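Engineer: Here's a structure for you.
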Amino acid sequence: MSANGAGMTSGASSANPMEPFMLLAKSAKGQAMAALIQQVLEAPGIYVFGELLEMQNVKELAGGAQANFLDLLNHFAYGTYSGYKAKASSLPPLSPAMLIKLRHLSIVSLAAESKRLTYDSLLKELDISNVRELEDLVIEGIYNGVVRAKLDQRNRLLEVEHAIGRDIQDADIDKMISVLGSWCDGCETMLNTIETRVATANQVKAAHCKVEEDQAKEIQQLKQALTAAAESNQMIDSFFP
């Protein structure tokens, strides 16, 4: 069985599914904001939450009676399902739609570490008991545009070609800068290597052309010498028949 992400459906949509929630969030407070957060986490097509987290009304949940909904929103933005399970006692319960979404986001995080994910690692991370349920979850993620991937049932692998981006914490920015810096350094090293090889190739070509030129001159000189010798022999023969 093979499942391919032929097209990014919800991920490719030009409309922003978060927009109506952002408008509602401008006036929502307390319990109403908590209910709005739950709607966002259940809504199809919404997998990034940074702009909602930046809203003052959302930040004001911290330290209040609905602070656990802010924690849950943060967990959907940056965390994984296994991390949620570790703190489940202090977080709101997940609805079926929220559970599926958080598992999809967990696959995205795993794919950022490796493009070849074993069934065993996925079953453990997502707390799924059977392969059929795992494959159904992955296929749903593919059709929702969360990942573009192939299921390799024979080798029990998920081969990820592409995954959506997740929210980035401020603490991750320095790491990203470091990774990009290393990538740039690698590119510069490769460019220098290519330039050195091109220069060496040009030198070899120039030396080869010089050899060919010298050989051509030698051949021309030999031809001239042979011609002169032949003409000299003809003159001698004419004097001494």
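Engineer: When log10 I(q)/I(0) by the Debye sum over Cα atoms at q = 0.10, 0.17 Å⁻¹ is calculated directly from the model, which label among (1) -0.44, -1.29; (2) -0.53, -1.31; (3) -0.64, -1.26 fits?
Structural biologist: Given (1) -0.44, -1.29; (2) -0.53, -1.31; (3) -0.64, -1.26, the calculated one carries the label (3).
Engineer: Counting heavy atoms of the protein chains only and a 1.4 Å probe, report the per residue accessible area for the range 101-160 as a whole number of Å². Please report the intermediate quantities before stating the final value.
Structural biologist: Numbers: 2880 Å² over 60 residues.
Dividing the accessible area of the range 101-160 by its residue count gives 48 Å².
Engineer: Could you tell me what percent of the accessible area of the chain is made up of carbon and sulfur, with a 1.4 Å probe and every protein chain present?
Structural biologist: Carbon and sulfur: 56 percent of the exposed surface of the chain.
Engineer: For a quick protection proxy, order the peptides 84-91, 198-205, 18-25 by their average other-Cβ count within 10 Å, most packed first.
Structural biologist: 18-25, 84-91, 198-205
Engineer: Setting aside same-chain residues fewer than 8 positions from Lys101, which lysines have a Cα under 27 Å from its Cα?
Structural biologist: List returned: Lys26, Lys29, Lys59, Lys85, Lys87, Lys115, Lys124, Lys150, Lys175.
Engineer: Here's another thing I want to ask about it. Can you give me the distance in nm between label points at His162 and Thr227, each placed 7 Å from the Cα along the Cα-to-Cβ direction?
Structural biologist: Spacing of the two 7 Å Cα→Cβ label points: 6.8 nm.
The values are calculated or read from the model by the stated rules, or taken from the named source; none is laboratory data. Since the structure is predicted, the reported quantities are computational estimates derived from the model, not experimental observations. Neighbour counts are summed over all protein chains in view; Cβ atoms, including those assigned to glycine, are modelled from backbone coordinates with ideal geometry. Only protein heavy atoms, including side chains, enter the accessible area calculation; ligands, DNA and RNA are left aside. Shrake-Rupley method; radii C 1.70, N 1.55, O 1.52, S 1.80 Å.
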